[in-house]
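The values are calculated or read from the model by the stated rules, or taken from the named source; none is laboratory data. Everything numeric in this text was worked out from a predicted model, so none of it was measured. No Cβ is skipped: glycine too gets one built from the backbone with ideal geometry, and neighbour counts run over all protein chains shown.
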Amino acid sequence: MEKRNFISVIIPTYNRCHDLKNTLNSLLRQRIIDDLDFEIIIVDNNSNDQTSDLVKGYIERFHRELKYFFEPKQGKLFALNHGIDEAHGNILAFTDDDCIIQEDWVENINRNFIKHNFDMLCGKIIPIFNAPKPKWLDLNVNVYKGPYVCFDLGDQYIDNSVKDILPTGANVILKRNSLEKFGGYSSTRRSEDTDLGYRWQQQGAKIAYAPDVIVYHVTPESRLNKNYVRRWQFLCGKNSAEIFKEENKIGRKLFGVPFYIYKGALLSVSRYLKSALLFQKDSFVRELWVWFNLGVIWNYWGQKTHFENLR
């Protein structure tokens, strides 16, 4: 007899009332099989818009499967952990407050957990845009997949026995007993999900990707500019340096930074200048790797920026 799963969908939110409404409407359209228990947990991370009224207005429409909680301590980490504490499910499914959920998302999560044995499941994330994409934006280029939340490892199920898989928080699902075994969210930085996946992978957790577990991430027009991507890539470098700091302890250092990191930064500058001077099409992509390496160095120097909470 197949095990009966209870799936808790956990959504932290902060001042995205309009986007959250679209997320809730998409969850109303979920196809839920009869033998599946299911709940939605919204954790309001100290919003000052109409988030509370919005969610409470949807509770009756979800037949009490929707639950609202308030987390006064600012920071996604605290909202995530509050949601976990309130959840009843043996499976914890996380998505964002600016995502549209495909109607078979919960059903396919359940099916994958019945069919396969893993600790963490990463689903496909497809970006959609509220305005025409600029000509320079090509989502086949890896540096754009982060800021515009594109996570697509193909159309076949794979796990980390084939390749390393690090999750993106807009579509990551965990077994509760694996959370207890390998440890929960602990990073107060950005990329809490990547930090979690890396730590789990180091401990031998099985992490999988399922192409039929799909959400759509909505990108507002305000993000469709190069300065947004520059800042995002800089912060990505800072986060990467922190997450993988144990791997970067070896070798000689200058001002606390390993020499090979300086070498990588200088190489990225050289490649960018060559590309820019020759007016090559990839010059902006080359520039972004400069920003990434600057972010890595900035982290080692212990510096902060005025855009730490870029959204």
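Within the range 199-211, identify whether any single residue is under 13 Å from the mean Cα position of the chain (by Cα), buried (at least 20 other Cβ atoms within 10 Å of the Cβ), of a type in the set (A, V, I, L, M) and in the same structural domain as Asn112 (by TED's automatic domain parsing), and answer yes or no. Scanning the range 199-211 turns up no residue that is under 13 Å from the mean Cα position of the chain (by Cα), buried (at least 20 other Cβ atoms within 10 Å of the Cβ), of a type in the set (A, V, I, L, M) and in the same structural domain as Asn112 (by TED's automatic domain parsing).
Only a single item in (1) over 28 Å from Gly89 (Cβ atoms); (2) among the polar types (S, T, N, Q); (3) crowded, with 20+ Cβ neighbours inside 10 Å is not met by Asn171, and it is number (1). Taking the criterion of being more than 20 Å from Ala87 (Cβ to Cβ), in a loop (DSSP other than H, G, I, E, B) and out of contact with any Ser or Thr (no Cβ under 9 Å at 6 or more places or on another chain), the residues of the range 11-31 that qualify are Arg29, Arg31.
Residues of the range 220-242 that are surrounded by fewer than 20 Cβ atoms within 10 Å (Cβ to Cβ) and either more than 12 Å from Leu294 (Cα to Cα) or without any contact (Cβ under 8 Å) to a residue 12 or more places away in the chain (or both): Pro220, Glu221, Ser222, Arg223, Leu224, Asn225, Lys226, Asn227, Tyr228, Glu242. Of all residues in the range 268-280, those satisfying the criterion of being within 29 Å of the chain's Cα centre (by Cα) and not polar (S, T, N, Q) are Val269, Tyr272. Would you please name the residue that is nearest to Ala79 (Cα to Cα), looking only at residues in the range 134-171 that are in contact (Cβ under 8 Å) with a residue 60 or more places away in the chain and aromatic (Phe, Trp, Tyr)? Here the residue is Tyr148. Counting only strands (runs of 3 or more DSSP E) that sit completely within the range 33-133, those holding 3 or more residues that are touching a residue at least 24 places away in the same chain (Cβ under 8 Å) and among the acidic types (Asp, Glu) correspond to 37-44.
One line per residue, one yes/no per condition, for (1) surrounded by 16 or more Cβ atoms within 10 Å (Cβ to Cβ); (2) in contact with a strand residue (DSSP E or B) (Cβ under 8 Å, 6 or more places away or on another chain); (3) assigned by TED's automatic domain parsing to the domain that holds Phe284; (4) among the polar types (S, T, N, Q):
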site: Asn90; (1), (2), (3), (4): yes, yes, no, yes
site: Ala93; (1), (2), (3), (4): yes, yes, no, no
site: Asp98; (1), (2), (3), (4): yes, yes, no, no
site: Val106; (1), (2), (3), (4): yes, yes, no, no
site: Leu137; (1), (2), (3), (4): yes, no, no, no
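Put simply, of Thr51, Thr23 the only residue that is buried (at least 22 other Cβ atoms within 10 Å of the Cβ), closer than 24 Å to Glu308 by Cβ, out of contact with any His (no Cβ under 8 Å at 6 or more places or on another chain) and assigned by TED's automatic domain parsing to the domain that holds His116 is Thr51. The one condition from (1) under 30 Å from Cys122 (Cα atoms); (2) modelled with pLDDT of 95 or more that Lys274 does not meet is (1). Counting the residues of the range 156-203 that are within 25 Å of Lys238 (Cα to Cα), of a type in the set (D, E, K, R) and at pLDDT 95 or above gives 0.
Scanning the range 137-166 for residues that are more than 26 Å from Ser268 (Cα to Cα) and in contact with a Ser or Thr (Cβ under 7 Å, 6 or more places away or on another chain) returns no hits.
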